[in-house]
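The values are calculated or read from the model by the stated rules, or taken from the named source; none is laboratory data. What you see is a predicted model, and the numbers here were worked out from it, not measured in a lab. Reconstructed Cβ throughout: ideal geometry from the backbone, glycine too, with neighbour counts over all protein chains shown. When the accessible area is computed, the model is the full protein with side chains, heavy atoms only, and any ligands, DNA or RNA have been set aside. Shrake-Rupley method; radii C 1.70, N 1.55, O 1.52, S 1.80 Å.
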Amino acid sequence: MTDAGTFCPRCGDPIEGDGADEREGAPGSRQSSGASAGVTRRERALCDACYFEDFEFVDAPERIEVMVCARCGAVHRGNRWVDVGAEDYTDVAIEETTEALAVHVEAEDVDWEVRPEQVDQNTIRMHCLFSGVVRGEVRTEEVVVPVKVSRQTCKRCGRIAGDSFASIVQVRAVGRDPTSEETERAAELAHRIVADMEETGDRNAFVTDVSEAESGIDLKLSTNKIGLKLANKLVEEFGGGFEDHEKLVTEDEDGNEVYRVTYAVRLPEFTPGDVIDLADDDGGPVLVRSVHGNLKGVRVTTGEPYEASYEDGDAPDARKLGELGDATDATVVTVEDDNAVQILDPETYESKTVPCPDYVDADASTVPALKSRAGLHVLPEA
Ligand SMILES: [Zn+2]
Ligand SMILES: [Zn+2]
């Protein structure tokens, strides 16, 4: 029974070496193997010369074509666009080549390196050098695969370019224009919400457009969900509130009604840092500290806390005198008593006695002072 295994069934040459010994030494395991093992046994029974005659170490396509979105760098795979976060097209080409190449299953200790050669703007020739061990023999093979990059526009970028959106967030403020801090923050939050959704693989989340409106900004967003999240976040950070209005714009392919939702955000009239003069109140101006719920702050005459009533909420009847940032340093002449301090008027340098709020440090040589329609007041250090 030894002669069947010791001659190559194709060329009839005697088989020598480790392979033949294995086959002779373990007849038991051969018998218990199934049909597929039988094929392997036949292949293995070939002598090395016949085996390597048909052997394909590396299976490589003749060329690879990659569709890349010219706007966002997404790569088309299967039937969808995938964000790969590639730095450049060479990275994409390497990645796609790696995916497309296959090494023979019997190869062990496989190693490969690739050298990209830029042929023209859209073609990268990949020189791939493989090495591995087959039947105890080191094999090397070089394959060259041209990778053609075709620049396209992915579905998402096409929708962005087509100005597609499902919600608008209008950022406005009561009785004033939103500050640049507020509008910049709104845009930043929108992009952050989208980035978080993209992290989870959501390709439908995007900011379509951010544009200045007559008094504030408008943000067009790809879904209602992003609009609602943004409106909530803005109110959480800046106070105020929002209303939503939906409008039927169209029906989708399945006949479902598609609504576009407008979130009208109204930021409060006053912001932290504002100094305001309350109507029908003689307690002195108030430096606003918070506008969440009802307006809270400190009296700049005494340093005592102030909180608007529940009915007034974040909008008590008041007029703005200035801001913390408008204050200039005024020299302290003398602290007269707990209630009065003498300072030099920052404009006229005349010494004036003004109310001394309890936040004034008795040893301070200068204090921030705000001169307004309501007079001269000492503010807390910013
Ligand atoms: Zn042979
Ligand atoms: Zn794209």
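Filtering the range 141-192 to residues that are among the hydroxyl-bearing types (Ser, Thr, Tyr) and either free of Cβ contacts under 8 Å to residues at least 60 places away in the same chain or within 16 Å of ligand 2 (Cβ to nearest atom) (or both) leaves Ser150, Thr153, Ser164, Ser180, Thr183. Total residues in the range 58-89 satisfying the condition of being out of contact with any His (no Cβ under 8 Å at 6 or more places or on another chain) and either free of Cβ contacts under 8 Å to residues at least 60 places away in the same chain or small (Gly, Ala, Ser) (or both): the figure is 14. Yes or no: Val75 within 16 Å of ligand 2 (Cβ to nearest atom) and surrounded by fewer than 17 Cβ atoms within 10 Å (Cβ to Cβ)? So Val75 does not fit the description; no. With the structure loaded, tell me whether Val174 is farther than 30 Å from Tyr89 by Cβ, open to solvent by 60 Å² or more (accessible area, probe 1.4 Å) and among the aliphatic types (A, V, I, L, M) or whether it fails that test. Here the answer is yes, as Val174 does meet what is asked. Take Glu108 and decide whether it is away from ligand 1 (no atom under 16 Å from the Cβ), modelled with pLDDT of 90 or more, open to solvent by 70 Å² or more (accessible area, probe 1.4 Å) and touching a Leu at 6+ places or on another chain (Cβ under 9 Å). When the stated conditions are applied, Glu108 does not pass them. Residue check: Glu65 meets all listed conditions (1) open to solvent by 70 Å² or more (accessible area, probe 1.4 Å); (2) part of a loop (DSSP other than H, G, I, E, B) but one, namely (2).
Determine which single condition Glu65 fails, assuming it passes every other condition in (1) among the acidic types (Asp, Glu); (2) within 39 Å of the chain's Cα centre (by Cα); (3) modelled with pLDDT under 90. Checking Glu65 against (1) among the acidic types (Asp, Glu); (2) within 39 Å of the chain's Cα centre (by Cα); (3) modelled with pLDDT under 90, the one that fails is (3).
Going by what's in this entry, would Ala279 be described as among the aliphatic types (A, V, I, L, M) and in contact with a helix residue (DSSP H, G or I) (Cβ under 6 Å, 6 or more places away or on another chain)? Answer is no for this residue.
Taking the listed residues Thr353, Thr302, the one that is open to solvent by 50 Å² or more (accessible area, probe 1.4 Å), in contact with a strand residue (DSSP E or B) (Cβ under 6 Å, 6 or more places away or on another chain) and more than 23 Å from Ala173 (Cα to Cα) is Thr353, with no other qualifying. Collect the residues in the range 79-95 that are of a type outside the set (Asp, Glu) and at pLDDT below 85, keeping them in residue-number order. Val84, Gly85, Ala86, listed by residue number. Evaluating His292 against the criteria (1) buried (at least 17 other Cβ atoms within 10 Å of the Cβ); (2) in contact with a helix residue (DSSP H, G or I) (Cβ under 9 Å, 6 or more places away or on another chain); (3) assigned to a loop (DSSP other than H, G, I, E, B) leaves one unmet condition, (1). Can Thr97 be described as closer than 30 Å to Thr200 by Cα, hydroxyl-bearing (Ser, Thr, Tyr) and open to solvent by less than 30 Å² (accessible area, probe 1.4 Å)? Yes; evaluated as a whole, the condition is true for this residue.
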